[in-house]
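I have a structure I would like to understand better, so I am pasting it below and will then ask my questions one at a time.
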Amino acid sequence: MSGAPMRPDSDSVSRAGNFDAGTFGAATGVSRETVDRLERYAAALRKWQPAINLVGAKTLGDLWRRHMLDSAQLLTLLPPALGDLGGPLVDLGSGAGFPGLVLAICGVPDVHLVEADQRKAVFLVEVARLTDTAVTVHRQRIEDVDAFPAAVVTARALAPLPDLLGLAARFSAENTVGLFLKGRDWQRELILAQEAWMMRATPVPSTLDPDSVVLRVENLRRKDTHGRP
């Protein structure tokens, strides 16, 4: 990956303020070239937003913090030597590209973006072209993608955890790591998910919201009908 990004200081990013591209670069430690490419991404998103609802309208003014930084916080949570783990990073329900496309622009190799909305998928392809980023875009429902083992599975604001794990399991192997950005209801979702799934789940506090987490999921296995692994 490009550089060695550091986990942002939560105190410095907990509010919108004047958080812009320069602040993002300082907070994450990514290269100036990476920030330039992300600026092209941001410009494209603002251009396409009136025609396609890519992000919540109220969050557009806080794009660098609410979306770019929220995605980039996963950089320090990725397994070491990601490219040597024998599988890609699969981003489920990529939407406008958060977090998967941000991670790819920041240098994560072999990223697959899964997005069923055809207009959003075209947007992802266009941003990949504008930023000279190699990604694979699957213009399909997650359930319709031919399953393959991933090193990492990511998702953001896609589905409640019990449902999300069912989707992620299609791409999970013995050493697959799931990194799921979850909101304030994450504890209840985890309790419900544990009724049907065995896993090692580690909540990592979000750098943006003290009540939100990145849920790191490993050793994912479905229980049988009697609740056994």
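Do you know which of the residues in the range 211-220 that are without any contact (Cβ under 8 Å) to a residue 60 or more places away in the chain and in a strand (DSSP E or B) is nearest to Arg66 (Cα to Cα)?
The extreme case among them is Val213.
Right, another one. Of the residues Val214, Val177, Val145, Val153, which single one is among the β-branched types (Val, Ile, Thr), under 24 Å from Leu54 (Cβ atoms) and either in contact with an Asp or Glu (Cβ under 7 Å, 6 or more places away or on another chain) or surrounded by fewer than 20 Cβ atoms within 10 Å (Cβ to Cβ) (or both)?
Values: Val214 fails: either in contact with an Asp or Glu (Cβ under 7 Å, 6 or more places away or on another chain) or surrounded by fewer than 20 Cβ atoms within 10 Å (Cβ to Cβ) (or both); Val177 fails: under 24 Å from Leu54 (Cβ atoms); Val153 fails: either in contact with an Asp or Glu (Cβ under 7 Å, 6 or more places away or on another chain) or surrounded by fewer than 20 Cβ atoms within 10 Å (Cβ to Cβ) (or both).
Val145 is the lone residue from the list that is among the β-branched types (Val, Ile, Thr), under 24 Å from Leu54 (Cβ atoms) and either in contact with an Asp or Glu (Cβ under 7 Å, 6 or more places away or on another chain) or surrounded by fewer than 20 Cβ atoms within 10 Å (Cβ to Cβ) (or both).
In addition: Quick one: Leu89 ticks every box in (1) buried (at least 24 other Cβ atoms within 10 Å of the Cβ); (2) over 22 Å from Leu220 (Cα atoms) except a single one, so which number is it?
(2)
Among (1) buried (at least 23 other Cβ atoms within 10 Å of the Cβ); (2) outside any loop (DSSP other than H, G, I, E, B); (3) in contact with an Asp or Glu (Cβ under 9 Å, 6 or more places away or on another chain), where does Gly97 come up short?
(2)
Restricting the search to the range 155-199, which residues are of a type in the set (Gly, Ala, Ser) and within 22 Å of Asp70 (Cα to Cα)?
Passing the criteria: Ala155, Ala157, Ala159, Ala168, Gly178, Gly183.
Among the strands (runs of 3 or more DSSP E) confined wholly to the range 110-210, which include 3 or more residues that are modelled with pLDDT of 95 or more and touching a His at 6+ places or on another chain (Cβ under 8 Å)?
111-114, 135-138
Scan (1) surrounded by fewer than 23 Cβ atoms within 10 Å (Cβ to Cβ); (2) modelled with pLDDT of 95 or more for the single condition Asp84 breaks and write down its number.
Single failed check for Asp84: (2).
Report, by residue number, each residue of the range 153-186 that is of a type in the set (Ser, Thr, Tyr) and within 13 Å of the chain's Cα centre (by Cα).
Residue satisfying the conditions is Thr154 alone.
Something else about it: Only one residue in Leu179, Leu158, Leu164 is in contact (Cβ under 8 Å) with a residue 60 or more places away in the chain, over 21 Å from Pro79 (Cα atoms), in contact with a strand residue (DSSP E or B) (Cβ under 8 Å, 6 or more places away or on another chain) and not acidic (Asp, Glu). Which one? Give the steps one after another, and end with the answer.
Working: Leu179 fails: over 21 Å from Pro79 (Cα atoms); Leu164 fails: over 21 Å from Pro79 (Cα atoms).
Exactly one residue qualifies, and that residue is Leu158.
The values are calculated or read from the model by the stated rules, or taken from the named source; none is laboratory data. All figures in this text were calculated on a predicted structure; none of them were measured in a lab. Because the Cβ atoms are built from the backbone with ideal geometry, glycine has one as well, and the counts that use them run over all protein chains shown.
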